[in-house]
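Worksheet: the structure to be examined is printed underneath.
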Amino acid sequence: MENKYDKYHEYRNKKITEGKIQKHIIIAGVPRTGKTTTSSLLAKTGKYQHLCMDAIISAFEKEFPETGVTTYTENPDTMVIDVSSKIVKFINDIISANNYDKCDYKLIIDILELTPHDYVNYIDKRFADIYFFGTPDLTPSQIYDNIKKYDTPDDYTFYITDGDLMERCKRFHDLSIYLEKECKKYNLPFINTSYNREKQINTLVERVLKK
């Protein structure tokens, strides 16, 4: 007896092949580089629903510690890589599900903990495009000054000590360089917001909306 879902999957795959199913967008990369700003701008168009993966990862940490998904680590330099390897298949299940096929919008997933390697190897490209953000041309001190200049009570960095912030800025710098190198390796788009941040963001928003 024919599986009752076979015809549906055949129909859906045909739409995917013909490019008739709008893709989700993943905005990944370094904190305080414009990811959330970009995600919010795209969400305001009504074509995307903003999904902040930081909140989901925090929930995993609190409610499902057995998964090993945690940002509390003795080695913060490898935290992004460690979490990415655990969360990437979960993200793929979200974006490849057919729940959004009949919606007028798709997801825009805002995430720190995803690497170019894991995107290439575990995410179905038929369902999601990705853009990585970073500031590789800035020194840790310049990153620190930028954060201090634009910090508001809505930003978590507003509440941490200057010493802790500088340590994070050093990691942000290293992560930016790592992501830029990996994006070149895998031929993925890297948005360098070291300078002309607003212009870079607006250009990307226009680019995504034209697709």
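List of remarks:
- Restricting the search to helices (runs of 4 or more DSSP H) fully inside the stretch 1-74 and requiring at least 2 residues that are touching a helix residue (DSSP H, G or I) at 6+ places or on another chain (Cβ under 8 Å) gives 35-43, 53-63.
- Going through (1) in a helix (DSSP H, G or I); (2) open to solvent by less than 60 Å² (accessible area, probe 1.4 Å); (3) farther than 28 Å from residue 205 by Cβ one by one, residue 86 falls short only on (2).
- Taken over the stretch 139-168, residues that are in a loop (DSSP other than H, G, I, E, B), over 18 Å from residue 36 (Cβ atoms) and acidic (Asp, Glu) amount to 0.
- Residue in the stretch 115-133 that is buried (at least 18 other Cβ atoms within 10 Å of the Cβ), of a type in the set (Lys, Arg), out of contact with any Pro (no Cβ under 8 Å at 6 or more places or on another chain) and not in a helix (DSSP H, G or I) present: no
- Answer residue from the stretch 157-195, given it is polar (S, T, N, Q) and farther than 17 Å from residue 145 by Cβ and is least open to solvent (accessible area, probe 1.4 Å) among those: 192
- Residues of the stretch 59-80 satisfying the condition of being surrounded by 13 or more Cβ atoms within 10 Å (Cβ to Cβ) and at pLDDT 90 or above: 80
- Among the residues of the stretch 169-197, those that are in a helix (DSSP H, G or I) and free of Cβ contacts under 8 Å to residues at least 40 places away in the same chain comprise 169, 170, 173, 178, 181, 184.
- Pair list, Cβ < 6 Å and 6+ apart or interchain, from the stretch 101-115 residues that are among the aromatic types (Phe, Trp, Tyr) to residues that are outside any loop (DSSP other than H, G, I, E, B) and open to solvent by 10 Å² or more (accessible area, probe 1.4 Å): 105/48; 105/49
The values are calculated or read from the model by the stated rules, or taken from the named source; none is laboratory data. Quick caveat: nothing in here was measured; it's all calculated off a predicted structure. When we count neighbours, we look across all protein chains shown, and the Cβ atoms used for this are built from the backbone with ideal geometry, even at glycine. Areas reflect the complete protein model, heavy atoms only, side chains present, ligands, DNA and RNA absent. Shrake-Rupley method; radii C 1.70, N 1.55, O 1.52, S 1.80 Å.
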